[in-house]
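**Student:** Following this message is one structure expressed as structure tokens.
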Amino acid sequence: MSASHPSYHEDSKIQRIPTIIGKFKPDINQVYDLCCDHGQIGLAAALKGHQVTFNDREPVIIERLRRGIEIDHPSLIKLCRFHVGDARRIPFRSPCQIIAAGVGNHLIADICQSIQDKAGIRLILGIQKRSVELRIKLDTLGWRMVDENLCLEQGRFREVVVLESQGKPLAPIGAFECDSLESRYQFFTQLEQHLEVVRNIPPNILSLCRERRQECQPSDMV
């Protein structure tokens with residue numbers, strides 16, 4: 001883990017964004033910012049000298065982003081490309097880094113499944129909701145875990161997961177090294193409540209979640 005981006009980040013509206021930015025590899029020039037919305041992450045990549053493709057399905061979003069970069073960062077426009085359309089149909093060019101943050105889990109799964117050749121591709125995912133089902137799907141597709149972090153934003157936990165073709169098996173529940181046991185306990189408590197009502201989740205996953213919650217249970221709650 002990088003010292004400047006510890007495993008646990010708390011109490012910031014945008015902490016997930018610098019965490020994602022901290023996952024960029026400087027030696028992979030091409031970056032795709034999928035469903036980019038405000039384009040803040042892709043812009044940060046361009047500021048670091050990366051060639052960035054901004055993607056969104058809404059033409060008005062892409063046009064507003066293009067104009068904003070032309071006005072506020074004219075020197076960066078040569079590093080930027082703009083794509084309107086379905087992120088699942090982009091012919092990604094390897095080597096590249098693909099960012100999908102603020103995107104629904106089903107769309108993330110579809111994007112990852114659309115990539116046939118994983119060699120040289122680095123996925124940086126910002127997962128907003130319960131991730132167990134998505135993690136199981138991505139592991140089945142052959143993606144491997146390189147790094148993962150847990151962020152707390154406005155009372156909600158977010159996961160930042162980095163995947164490549166080589167690495168560790170992607171566990172259904174993240175092994176987050178959190179500085180705050182109380183916050184980790186809160187995360188696993190929420191996840192356990194979610195898993196108790198989800199169908200088709202193997203019992204061992206729920207048991208694992210309970211074990212991890214108990215491991216970080218505050219002493220005054222024992």
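**Student:** Search segment 94-111 for residues being among the small types (Gly, Ala, Ser) and assigned to a loop (DSSP other than H, G, I, E, B), and hand back the single one that is modelled with the lowest pLDDT.
**Tutor:** Across segment 94-111, the extreme among qualifying residues is 102.
**Student:** Testing residue 181 on (1) more than 20 Å from residue 129 (Cβ to Cβ); (2) surrounded by 15 or more Cβ atoms within 10 Å (Cβ to Cβ), one condition comes back false. Which one is that?
**Tutor:** (2)
**Student:** Sticking with this one: Search segment 187-214 for residues that are over 25 Å from residue 154 (Cα atoms) and pair each with any residue that is among the hydrophobic types (A, V, I, L, M, F, W, C) when their beta-carbon atoms are under 6 Å apart and the residues are at least 6 apart or on different chains.
**Tutor:** 201/195; 206/195; 208/173
**Student:** Moving on. Taking segment 53-68, which residues are among the β-branched types (Val, Ile, Thr) and either surrounded by fewer than 13 Cβ atoms within 10 Å (Cβ to Cβ) or not assigned by TED's automatic domain parsing to the domain that holds residue 107 (or both)?
**Tutor:** 60
**Student:** For a quick check of your reading: which helices (runs of 4 or more DSSP H) sit entirely within segment 127-216 and have at least 1 residues that are farther than 26 Å from residue 41 by Cα and either at pLDDT below 85 or in the same structural domain as residue 96 (by TED's automatic domain parsing) (or both)?
**Tutor:** Details: elements: 132-140, 181-195, 203-215.
So the answer is 132-140, 181-195.
**Student:** For segment 77-93, which positions are out of contact with any Leu (no Cβ under 7 Å at 6 or more places or on another chain) and in a helix (DSSP H, G or I)?
**Tutor:** Those that are out of contact with any Leu (no Cβ under 7 Å at 6 or more places or on another chain) and in a helix (DSSP H, G or I): 77, 78, 79, 88, 89.
The values are calculated or read from the model by the stated rules, or taken from the named source; none is laboratory data. Note that the structure is predicted; figures quoted are calculated from it, not measured. Neighbour counts are summed over all protein chains in view; Cβ atoms, including those assigned to glycine, are modelled from backbone coordinates with ideal geometry.
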